[in-house]
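Please read the structure below before turning to the comments.
The values are calculated or read from the model by the stated rules, or taken from the named source; none is laboratory data. Keep in mind it's a predicted model, so treat the numbers as computed, not measured. All Cβ positions, even for glycine, are placed from backbone atoms using ideal geometry, and neighbour counts span all protein chains on display. The protein model used for the area step is the full one, side chains on, heavy atoms only, and it has no ligands, DNA or RNA in it. Shrake-Rupley method; radii C 1.70, N 1.55, O 1.52, S 1.80 Å.
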Amino acid sequence: MRKVRKDTKGRPLHCGEIYRKSKGLYCYSYIDPLGKRRYLYAHGLDELREKEKRVKKDTLDGINKYAFAQSDINFAFDRYISTRTTLRGSTLSNYLRTYNRHVREVFGKRKLAEVNYSDVLLYYNSLLNEKKLSLSTIDTVHILLYSTFEMAVRDSVIRLNPTRSVMRELKKKVEGRPEPRHALTIEQERAFLQFVQKEEYARWKPLFTVMFGTGCRIGEILGLRWKDIDFKNNTISINHCLTYYPKTDKDYRCEYAIHRTKTESGTRVIPMLEKVKEAFLEEKEIQERTGHHCIAEIDGMKDFVFCNRFGGLLNCESVNTVIKRIVGDHNASEEVIAVREDREPVIIPMFSCHITRHTFCTRLCENETNIKVIQYVMGHKDIKTTMNIYAEVTESKKQEIFKQLNSENIF
């Protein structure tokens, strides 16, 4: 026979109830519909049980409303996102921040069963035209809403997903969409890498050489440790990445964390170009000369290759800020020099960390025809990603070949 727990006044405590004598509080723990453990506190047992009743009623009402399609979109989204237990912390943080900022307070309060296709299209149009959101941000909103409604369809709560094909229709109507971001040309890449050899930017040269020379994701590069570099066999082991993101959707303060690579195919060992090897050795020499080395330890990992002047870690935004400054300085001086030398200036477009990866992939596609090799080196999960870049490169090459034929008057 199970022993009945009692409080200090001899009253039996129900399942989930405890009395914390040190704090003088009664506590009730329970699991909410989203699978999270919650706690209720009260100074008196009667007060605590009133709270218990309200929670049980609200929980039952919420599930019943969802089952009969009377809940709002917010309830369905919270239910859906709680099932995504394998999401990386940075991805989950981004999803929650996007949903809470653009959906929860307005569209998210609509009843699940009352939303139709035209409602979703009008909502996306308002995000585009009134809120001036980019298509990529709206696409993230769409991914979340599509998945939320799709789960409701699979739960037999609603019959059709009203978000299906809406994004495709929106893209058809949008005129003057920004051109897709392209890789830097060989001339632009060389100009950038030559410019960072100037004294004020020289300490960034090894990092940018590695970025342009490996095509790794920025998180993979900033997470590299010296033990991941095999100077004997000229290889680099990519087995994790460094992220920097808000831990909660309500707190914009970011924290570093170590995660597995973006995809399973992202874990790889890639060959190291000679110029990349030289860059690593140069970085090691700079750190030994200046006494600057990484003192940070993240999730048990330490001895990272790249760091700032204070021994702290770098992040994507800080590197993007440096790129912006370098490109601005280069273009300003290049225009003056070009006029003096009576030639066309080599203007570098503003670009982000990701463009260095895209640029390397483009150079690889220009010199390698084996798509599977390119896919492996880049760590692409889907070969379609590799094929899209390869197709763009070969189209450009095709135009060059025909221009050459024209100039040589062969036909």
Of the residues in segment 144-172, those that are in a helix (DSSP H, G or I) and free of Cβ contacts under 8 Å to residues at least 24 places away in the same chain number 6
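If you check Met378 against the conditions, is it over 15 Å from Phe192 (Cβ atoms) and either open to solvent by 60 Å² or more (accessible area, probe 1.4 Å) or under 24 Å from the mean Cα position of the chain (by Cα) (or both)? Break it down stepwise before answering.
On the way: over 15 Å from Phe192 (Cβ atoms): yes; either open to solvent by 60 Å² or more (accessible area, probe 1.4 Å) or under 24 Å from the mean Cα position of the chain (by Cα) (or both): yes.
Taking the combined requirement at face value, the residue satisfies it.
Got a sec? Which of Glu187, Glu105 is open to solvent by 80 Å² or more (accessible area, probe 1.4 Å) and assigned to a loop (DSSP other than H, G, I, E, B)? Don't jump to the end; show me each part of the working.
Details: Glu187 fails: assigned to a loop (DSSP other than H, G, I, E, B).
It is Glu105.
Out of the residues in segment 118-134 that are touching a helix residue (DSSP H, G or I) at 6+ places or on another chain (Cβ under 8 Å) and farther than 20 Å from Ser71 by Cβ, state the one that is most open to solvent (accessible area, probe 1.4 Å). Don't jump to the end; show me each part of the working.
First pass over segment 118-134, keeping only residues touching a helix residue (DSSP H, G or I) at 6+ places or on another chain (Cβ under 8 Å): 120-121, 123-125, 127-128, 131, 133.
Within this subset, residues satisfying the condition of being farther than 20 Å from Ser71 by Cβ are 121, 124-125, 127-128, 131, 133.
Values: Leu121: 21, Tyr124: 0, Asn125: 39, Leu127: 6, Leu128: 34, Lys131: 139, Leu133: 29 Å².
Here the residue is Lys131.
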Test each condition in (1) modelled with pLDDT under 95; (2) surrounded by 17 or more Cβ atoms within 10 Å (Cβ to Cβ) for Thr137 and report the one that comes out false. (2)
Filter segment 191-220 down to the residues that are free of Cβ contacts under 8 Å to residues at least 12 places away in the same chain and among the polar types (S, T, N, Q) and list them by number. Gln194, Gln197
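Can you pull out the residues in segment 1-13 that are at pLDDT 85 or above and out of contact with any Asp or Glu (no Cβ under 7 Å at 6 or more places or on another chain)?
Pass one, segment 1-13, residues at pLDDT 85 or above: 11-13.
Listed by number, the residues that qualify are Arg11, Pro12.
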Cross-chain or 6+ apart pairs with Cβ under 6 Å, segment 261-278 first and under 15 Å from Arg217 (Cβ atoms), then open to solvent by 40 Å² or more (accessible area, probe 1.4 Å): Thr261/Thr267; Thr263/Lys381; Ser265/Lys381; Thr267/Asn239
Every listed condition ((1) over 18 Å from Arg325 (Cβ atoms); (2) free of Cβ contacts under 8 Å to residues at least 24 places away in the same chain) holds for Glu366 save (2)
Cβ-Cβ distance below 7 Å, separation of 6 or more or different chains: which pairs start in segment 3-20 with a residue that is surrounded by 13 or more Cβ atoms within 10 Å (Cβ to Cβ) and end on one that is of a type in the set (S, T, N, Q) and not in a loop (DSSP other than H, G, I, E, B)? Gly16/Ser29
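Counting residues that are in contact with a strand residue (DSSP E or B) (Cβ under 9 Å, 6 or more places away or on another chain) and open to solvent by 10 Å² or more (accessible area, probe 1.4 Å), which strands (runs of 3 or more DSSP E) fully inside segment 202-298 reach at least 3? Give the derivation first.
Numbers: elements: 235-238, 241-248, 251-259, 268-271.
Hits in segment 202-298: 241-248, 251-259.
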Search segment 331-354 for residues that are in contact (Cβ under 8 Å) with a residue 60 or more places away in the chain and pair each with any residue that is open to solvent by 100 Å² or more (accessible area, probe 1.4 Å) when their beta-carbon atoms are under 7 Å apart and the residues are at least 6 apart or on different chains. Val346/Glu187
Given the conditions (1) under 23 Å from the mean Cα position of the chain (by Cα); (2) within 30 Å of Cys307 (Cα to Cα); (3) among the polar types (S, T, N, Q), which single one is not true for Thr137? (2)
